[in-house]
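Just below is one structure, and these are the notes that go with it.
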Amino acid sequence: MTADAAEPDAGTPVRDPAWPLSRSAIGLWVVEGVLGTLFWVVVVVAVLSFLPDVGPAPVLRWLLPSLLAVDAVVTIGIRPWVRYRVHRWEVTGEAVYTLTGWLTRTWTLVPISRIQTVDVTRGVLQQLFGLATVAVLTASSQGTVRVLHLEADVAQRVADDLARRAELVRDEAT
Amino acid sequence: MSHVSPQGSGHPGEERTRPDAGAGDALVPGERPRRTSPRVVLVHTATFRQARQLVPALIPVAAVVGLDDGLTTVVVLAVAVTLLSLATAALSWWRFSYADRETAVVVTRGLLARSVRTVPNDRIRGVEVEAPPLHRLVGLVRVRIDAAAGSVGTNEEELVVDGVPRAEGDRLRARLLSRRPAAAAGPGPDGAGQPAEEEITRLSARWLLYAPLVGSYLVVPVAAVGTLVRLLQELPDAVVPDLAGPEPSPQLLAVALLAALPAMALTAVVGAAVVNWRYRLVRRGGSLVAVRGLLTRRHTELEVDRIRGGTLSEGLGMRWVRAARVNALVTGLGQANRRGQLLPLGPRSEALLLLGRLVEDPGPLTGHPRAALRRRLARALTAGLLVTAGGLWAAAALGWWPLPVAGLVLTVLGVPMGIGRYRALGHCAGPRSFSVRSGWLVREQAVLQRRAVVGWQVRQSPLQRRAGLATVLACVGAGSGGYAAVDMAAADVAGFTAAASSGSWAGTLAPR
């Protein structure tokens, strides 16, 4: 499964974290994609029904639906799987490390000694899939690590473990 | 380490703070709630400080009553607004009190709803005493107390005690900042005339000549003219004399603009002189103290122990004359631009010296790969080329030529901009500090201690991936929260992050 992510590549700046997310994350992203698409369908239908029949409007009659179709294919059919292959996380002896994104990738590393708070959140959709997000906050507004979509019990265990270890090794945390 | 004794998380009895100050407070000395000087009511009446909030509510009222433009209306309105302002100012003075307790500062206020804020002393990062002109007239100062900015709110981190006598302001500052063990020879409660004061820099009159090339000072005259024009427009027509002359021709406008340039330069210099009047930066015990300003005298005090680095910013114009400004990056203190400003305007050499005192020089910067130049140029040219293409289409369809010409000009200007942006890029890591630099309109170099880093974020877009580049953001709990090395070679990322953070944790990033 890790085949192409771990492959040595001149373009990859740093190594990838070791662990994949829960497979349920794919289902969650698909549902999110479907909901998003439904929203846009409503918007497009509303726009098209109010469109006058003059000027550049006729172009929109086929342009908007086809854009919507492309978007639906990407967000429902492609992006969840790409994301699942990209997203990884890891807790090492000294740090929390994540990789997120699908086209643009972001690696975030925060040492356990600088952790200020650890949050576990469960959104409505996440609860349907039994998932949770662990957010690790530091003194920097930009240095927040989010591990999305872990199994809820794993997330809770990770959060407890991180909070306990942060307490032990905390230096100034700033 | 530097923290004060147990920080007894607030006293439960705060809510009882009564409006009638002082009567029978048998608490520990210094715990009695104090109020600001009643003279501040005058100042706030004159500036409509509280009454300004009521303006949105008054407009519909005025609309319903149906005012005309007569002079009497204006006078009646002015009197009414002044009375209203007096009432609100008095009310908010009456409802405001503060207390500097053993472990915390407590501020109670609120017109209808009561709000009590308690800031523990060890969360106070700086105290600023300022004296705006009206305050000076009645002998008062305003004290701003900066509390640590966590990863939360932005405006919630400042307490303002507005309108206390000068001596009380100094007492408050000295008391809040004197509990630091680092302070030499335990300075007494008197703020002025402490021992071990070392002057670092002071304003030299020549520095003011930089002002016309600094964006923010150049804005001063423009803003003044803008305000004047808006004021004129808002006055009722009856009051404004009829100025309508002949329609100005383009030539006349150009001449007027040319004539305005020296005037603008002069106002910029004057503005800089007023803002930075008798600027001095001294080290007093464990703090850095910067004082400046003619009308509003600003007094900024920062704890040396909490300084994690600094930024050197040079605007486009400032780079021509080798001028720069320096801000300190202090942990837990956001808005570095205003509150951490140590050198507002000065020669680059002076700025570098000062920066060297804040944080060890990490050495010369390493430039970024040529691929980064291609990316900068591509970005700088895209806007111009898009406008040109759109303009050509418009010209062909509508015969409208100015647009493609503007697009071409933009494209040509994009070249120096792209090159300039590329040349600003750089990073380096020294034995105890590291540095990143970027920006073109304002080029900003951040120099930080290695221990300041609380995390790393590496970003790579598909295009960066193809070009073998990546952007590295050092997350720090000071200043803007993150400082980026844009488009550095992907292969150098692991080495740089390991070299620029303290401890071994950043080794996690190294490819296995």
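The values are calculated or read from the model by the stated rules, or taken from the named source; none is laboratory data. This structure is a prediction, so every number in the text was calculated from the model and none was measured. Cβ sites come from the backbone with ideal geometry, for glycine too, and all protein chains shown count toward neighbours. These accessible areas exclude ligands, DNA and RNA; they are computed on the full protein's heavy atoms, side chains included. Shrake-Rupley method; radii C 1.70, N 1.55, O 1.52, S 1.80 Å.
Observations on the structure shown:
- When each of B:Leu385, B:Leu295, B:Leu345 is tested for being more than 27 Å from B:Pro431 (Cα to Cα), touching a residue at least 24 places away in the same chain (Cβ under 8 Å) and not assigned by TED's automatic domain parsing to the domain that holds B:Ala273, the lone residue that passes is B:Leu385.
- Residue-level check: of (1) touching a residue at least 12 places away in the same chain (Cβ under 8 Å); (2) facing chain B (nearest Cβ under 7 Å); (3) closer than 12 Å to A:Pro17 by Cα; (4) not charged (D, E, K, R), A:Thr92 misses just (1).
- Each residue in the stretch B:119-137 was checked for being of a type in the set (A, V, I, L, M) and in a helix (DSSP H, G or I), and 2 pass.
- Within the stretch B:72-86, the set of residues being open to solvent by 60 Å² or more (accessible area, probe 1.4 Å), aliphatic (A, V, I, L, M) and either without any contact (Cβ under 8 Å) to a residue 24 or more places away in the chain or farther than 12 Å from B:Thr45 by Cα (or both) comprises B:Val75, B:Val76, B:Leu77, B:Val79, B:Leu83.
- Residue within the stretch B:429-446 that is open to solvent by 10 Å² or more (accessible area, probe 1.4 Å), modelled with pLDDT of 90 or more and within 20 Å of A:Ile115 (Cβ to Cβ) present: no
- Of all residues in the stretch B:480-506, those satisfying the criterion of being on the phi > 0 side of the Ramachandran plot and either of a type in the set (A, V, I, L, M, F, W, C) or within 8 Å of chain A (Cβ to nearest Cβ) (or both) are B:Gly481, B:Gly503.
- Members of the stretch B:276-295 found to be touching a helix residue (DSSP H, G or I) at 6+ places or on another chain (Cβ under 8 Å) and closer than 23 Å to B:Ala323 by Cβ, listed by number: B:Asn276, B:Leu281, B:Leu288, B:Arg292, B:Gly293, B:Leu294
- Which numbered condition B:Gly286 misses (of (1) open to solvent by 20 Å² or more (accessible area, probe 1.4 Å); (2) touching a Lys or Arg at 6+ places or on another chain (Cβ under 9 Å); (3) modelled with pLDDT under 85): (1)
- Matching option when the condition is surrounded by 13 or more Cβ atoms within 10 Å (Cβ to Cβ), at pLDDT below 65, out of contact with any His (no Cβ under 8 Å at 6 or more places or on another chain) and of a type outside the set (A, V, I, L, M, F, W, C), among B:Pro189, B:Pro236, B:Pro181: B:Pro236
- The stretch B:362-378, residues that are over 19 Å from B:Arg322 (Cα atoms), open to solvent by 40 Å² or more (accessible area, probe 1.4 Å) and outside any helix (DSSP H, G or I): B:Thr366, B:Gly367, B:Pro369
- The strands (runs of 3 or more DSSP E) found entirely in the stretch A:99-167 that carry 2 or more residues being at the interface with chain B (Cβ under 8 Å from one of its Cβ atoms) and either under 25 Å from A:Arg79 (Cα atoms) or over 17 Å from the mean Cα position of the chain (by Cα) (or both) are A:105-111.
- Any hit, the stretch B:409-423, residues being closer than 20 Å to B:Arg348 by Cβ and open to solvent by less than 40 Å² (accessible area, probe 1.4 Å): yes
- Residue satisfying condition, being at pLDDT 85 or above, among the hydrophobic types (A, V, I, L, M, F, W, C) and surrounded by fewer than 21 Cβ atoms within 10 Å (Cβ to Cβ), within set A:Val110, A:Val154: A:Val154
- Residue check, B:Gly384 touching a helix residue (DSSP H, G or I) at 6+ places or on another chain (Cβ under 7 Å), in a helix (DSSP H, G or I) and buried (at least 19 other Cβ atoms within 10 Å of the Cβ): yes
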